[in-house]
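A.B. asks: A single structure is presented below for examination.
All of the numbers you see were taken from the coordinates with simple rules; none came from a lab. Owing to the predicted nature of the structure, the values given are computational and were not obtained by experimental measurement. Note: ideal-geometry Cβ built from the backbone for every residue, glycine included; neighbour counts use all protein chains shown.
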Amino acid sequence: MYRVYLDWNIISALKNFNKTAVIEDLNSLLNDNAQNIITPYSPAHIQDLLKGSDKPENIKLIRNDLDYLDKISNQNCIQFDFIKKYAHPTFGSAHFLFDSYIETRKDSILHPSYLENLYNDTSLPSLGKLMTLAWKMTPVDIDFNKFEENPEVKEFYDKYFKRTKESNNMYNLMVDFSEFYSDLNQNPELYKKLIQIFRDQAGIDPKWISNLKKPLAELDDILLKSKLGFGFEKLSTIEPDEKTEILNNLFMKFSMEYAGLDMSGYHPDSFTKKNLFSNFTNDSHHAFYAAHCDYFVSYEKKLLSKAKAIYDKYKVETKTLIPKEFVAELSQNLGETFDSEYLFNAIKKTIRQGFITVIKEHDYEDSIIGLYRPEVPILAYFNFLYLKQDKNNRSTLFLRHIYKNFSDFTFYTEIESIVNKCFTIFGADVSKREAFNQDDRTNISENKWGGRVWLTESFLIQLTYDELSTGVQLFYEQITNEYLNELKQMH
């Protein structure tokens, strides 16, 4: 099952059924492949819909948008947990997430009071107050005197970092920055001035920065040699410290790298009264959540370019495509009927063309394991194939789904999809179970799911949890006389 992340502009176009050929094709592709495509939503979609929610006359329209978001995502959501520091799947209506955001939308995520309350909502309420005290006692390594020579830089710090200049500690810096960030969201001219100061200090020109082949690495070298005296990595990093623990996570790092690319002039956004800094930061959040999926689809080429630059750094294989490119690729990938003939041919083709390497591990000292990778995921899910042959020439073939993005989780919907495909191909299992049902969902939620088993004349076929990932794997165990004897000895 392909995970496809659509930004709000695409979802809005689908909802309003824009009369363009590509939107019509995209709509048909999604509707015809419900068993093969999942399109989760994220808090970034909710943030998009919060704009204008302070006006009562807009609420009905927003509720209609939330209804469509529920429909297209099937209520599958990806959220980031700032306490546990990882993204995880949730299942629930976008209306509930929207309502919870309405209550806290005036709180800045960077303000100490917000972070303190975040901790207070956990089982360690005293930790929030301890963190606040620690921030007030933590000095910040900023020498404001070195900015005295540059009038523009001095004016900027005098205006926006008054508290920090008076008392140079982490708490004041966080308060100053949260207020500066609030102004930044309202005044596009402020960001334009800020990036011009930065680019002048760094000596960079967006006209050639956007042509960099490895932008993060090359910018790191450029900035290190500039007047700034620090590289891109430092620009986009919150130094690890127990006092800034809550801010040290992949979400914040990704967002800062995205902002750093834009400030440095890599496919930079244009800011107006309609395209505010809040739109820009929300784009970075869309890019982060999309990194947990197979595809990120957007009209915005600047957004996709910055996202891809960061994906390349982390070796994330999420594909960044405009709608036309996405429809063309998925239409081809999903152009076959997933039946037994398809599965046989896909496995045969992968073994013939997709060899990667031979694996030698101590657990399989009497076996040879060949690792293969199909050009297109088999059954729209399995992206690696292993072929093991033991000393008796008995073959075991197993298909795995290994995440090549930020994910370390699986949606129920994905397991349901592969179970139903296996039922279509192999029929009822040895326990006469057919399609995915409520018992499966309950057992998965209680960590009791035992998978499915089928028996043919030549093979024992098992669909089980993958012990090395959070997905499922499909085993083909060849049945030979030696194998039957091994089973008898086990009993």
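A.B. asks: In whole angstrom, note down how far apart the Cα centers of the stretch 50-76 and the stretch 279-324 are.
C.D. replies: Measuring centre to centre over Cα atoms gives 23 Å.
A.B. asks: Ranked highest first by the average count of other Cβ atoms within 10 Å around their residues, in what order do 384-391, 346-353 fall?
C.D. replies: Per-residue mean Cβ counts within 10 Å order the peptides as 384-391, 346-353.
A.B. asks: Same structure, new question: Between Gln79 and residues 5 or more places away or on another chain, which pairs have amide H atoms under 5 Å apart, with H built 1.01 Å from N, and which residues are they?
C.D. replies: Residues meeting the criterion, in which the H sits 1.01 Å from N, are His88, Thr90.
A.B. asks: Give Lys253/Lys349; Lys51/Lys315; Lys19/Lys319; Lys15/Lys308 a once-over and call out the pairs whose C-alpha atoms are over 29 Å from each other.
C.D. replies: Lys253/Lys349; Lys51/Lys315
A.B. asks: List the extent of the Cα atoms of the stretch 340-490 along each of their three principal axes, largest first, rounded to whole Å.
C.D. replies: Ordered largest first, the stretch 340-490 gives principal extents of 42, 39, 32 Å.
A.B. asks: Still on this structure, please answer the following. For Ser167 and Glu24, FRET efficiency with R0 = 56 Å and r from the beta-carbon atoms, rounded to 0.05?
C.D. replies: Details: r = 60 Å, r/R0 = 1.07.
Approximately 0.40, to the nearest 0.05.
A.B. asks: Compute the length gained on full extension between Ile402 and Lys84: take 0.36 nm times their separation in residues and subtract their Cα-Cα distance, giving the result in nm to one decimal. Spell out each step's value before the answer.
C.D. replies: Working: separation 318, 0.36 × 318 = 114.48 nm, distance 2.27 nm.
Extending this stretch completely gives an extra 112.2 nm.
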